Amino acid sequence: MRPRAGELLHFSEDPSISEFHPHVAATARQSDPYVWAVDGTQAPAYWFPRQCPRAMAWAGAGTTEADRERVLGPGGGERVHAIEYDWVRRFLSAELYAYRFAADAFHPFGGPVPHAFVATRTVTPLGPAEPVGDLLSLYRDAGIQLRVLDDLREFWAEVVAGTLEFSGIRLANAKARHSTKAVRDLAAPIQDA
């Protein structure tokens, strides 16, 4: 599920939203209220249940061949997303919906390459929420590896120590194996809209 030309998407498990009002998300790192949306490049980062912790990595212009092999693996493609075993059933059974918005109501957020788009006023979707469908099929069709791990920490440490591009969302919800401090450390360097 990707946006059409001139559109952005917002993913939700709630199919009944008629208007989106700017708000400060509980996980926000900024104090300004926004409505969040993503473009086609960032859409796969949101093909998950909302609270599902996920760590993502992809090859960029500065990615070394050694890091590509170490993290993405041989024949691994250009992108990998990882979740924990404890989230697999929820991932497979999630009913996710996409709301389409006119892109001109939003402006880029984060940079130099934006990781999201935000609106500072109430926006109305272009139509009703659309079911996203089978999430596993979306990943297969997009050519994105989906890894299931017992613990995201080792994978995240490998990713952030190298030259791959990366993003982590809801990592504070990852299984706590050690201390609460370890969970905070895991979540510290992430983008989380």
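The values are calculated or read from the model by the stated rules, or taken from the named source; none is laboratory data. Since the structure is predicted, the reported quantities are computational estimates derived from the model, not experimental observations. Cβ coordinates were reconstructed from backbone atoms using ideal geometry, including for glycine residues, and neighbour counts include every protein chain displayed. Surface accessibility is based on the protein's heavy atoms, side chains included, excluding ligands, DNA and RNA. Shrake-Rupley method; radii C 1.70, N 1.55, O 1.52, S 1.80 Å.
Points to keep in mind about this one:
- Sequence ranges 126-138, 33-45, ranked by mean other-Cβ count within 10 angstrom, highest first: 33-45, 126-138
- The listed residues 154, 7 rank as 154, 7 when sorted by accessible area, largest first, using a 1.4 Å probe.
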